[in-house]
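A short worksheet on the structure shown next.
Quick note: the coordinates plus some simple rules give every number you see, no bench work behind them. None of the values given here were measured: they were computed from a predicted structure.
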Amino acid sequence: MKQGYFVTGTDTGVGKTLIAAALIHKFAQSGLGSVGMKPVAAGARLAGECLLNEDVEQLIGAGNVEALLALVNPYVFEPPIAPHIAARQVGVDISIGTIEAAFKSLGELADVVIVEGAGGFLVPLGDTEDMADLASLLSLPVILVVGMRLGCLNHALLTVEAIRSRGLRLAGWVANSLEPGMTNFNENLAGLRQRIDAPCLGVVPWISGAGYQQAADYIERPGSR
Ligand SMILES: Nc1ncnc2c1ncn2[C@@H]1O[C@H](COP(=O)(O)OP(=O)(O)OP(=O)(O)O)[C@@H](O)[C@H]1O
Ligand SMILES: [Mg+2]
């Protein structure tokens, strides 16, 4: 593996999968072997013998490296609820060590591994650990997806503080539109630019159908400046 990134967001449903898939696509287009990883997914349908989560399907669709589903998505739970609650309901302990091993295996297969968190940065994984612990264990630079809606400035700045307090590097952030015409979009964007001390990797408009290839046109690869 040459590069890896941990994609987090200001909340659930803010476009982490869209932006992660767009990044995977961009790296693949640049000639690198690129794969996505969703370590913990809650909300899945039965496909044959396996539980398949939609985010996982999208990340796989955007990549150009084949990998076992168990590596791309080590933990999957059927109900679309908080992962630690879903895990407890079926008596599973989410082990970040197991996730780290899967990540390392993916790193042997691909040049770039893009890891999508679940929900926001501090989502619990169990009684003691959370997503931020996982990002720390994997030592990955973080990309923050800011879902552009009322309240995003506060959520973005809280998340940036949390990333930095774990000693992690914020490789960049993406402003992602969640509706066609957000009121005061430019003012909110300016507020984010002014306060986040990391490169803005892109401003993604609302895209009908939310295709990752289209979204990729609006973002740059981290470290490309
Ligand atoms: N720029 C956009 N234009 C149009 N639709 C978007 C855009 N970004 C996200 N969406 C839509 O918003 C929804 C949430 O996006 P997405 O699944 O990428 O969020 P997420 O942060 O990965 O959510 P989760 O926390 O469930 O993993 C999806 O239906 C997606 O298609
Ligand atoms: Mg997602």
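Where both partners of a DSSP beta bridge lie in the chain, what percent of those bridges are antiparallel, to the nearest 5? Display every interim value, and only then the final one.
Values: 5 of 32 bridges.
If we restrict to bridges inside the chain, about 15 percent are antiparallel.
For the Cα atoms of the chain, what angle does the longest principal axis make with the long axis of helix 152-165, in degrees from 0 to 90, nearest 10?
60 degrees
Could you check which residue among Asn176, Asn64, Asn184 shows the biggest mean-square fluctuation in a GNM of the chain with a 10 Å Cα cutoff?
Asn184
Cα centroids of the stretch 1-63 and the stretch 182-224: how far apart, whole angstrom?
If you average the Cα positions of each part, the centres end up 18 Å apart.
Rounded to the nearest whole Å³, what is the per residue volume of the convex hull around the Cα atoms of the stretch 117-225? If you can, show how the numbers build up before the last one.
Working: hull volume 12.9 nm³, N = 109.
Cα convex hull per residue, to the nearest whole number: 118 Å³.
At 1.567 mPa s and 4 °C, plugging the Kirkwood radius over alpha-carbon pairs of the stretch 67-126 into Stokes-Einstein gives what diffusion coefficient in µm²/s? Intermediate results must be reported in sequence, preceding the final value.
Working: Rh = 12.5 Å.
The diffusion coefficient I find is 103 µm²/s.
List the residues whose amide H sits under 5 Å from the amide H of Gly9, counting only those 5 or more places along or on another chain, with H placed 1.01 Å from N in the peptide plane.
Residues meeting the criterion, in which the H sits 1.01 Å from N, are Phe121, Val145.
Against the longest principal axis of the chain, how steep is helix 96-109, in degrees 0 to 90 to the nearest 10, with axes from Cα atoms?
Once rounded, the angle reads 80 degrees.
From the C-alpha coordinates alone, can you work out the Kirkwood hydrodynamic radius of the chain, in Å?
Details: mean 1/r = 0.0575 Å⁻¹.
Value: 17.4 Å, from the Cα pair sum.
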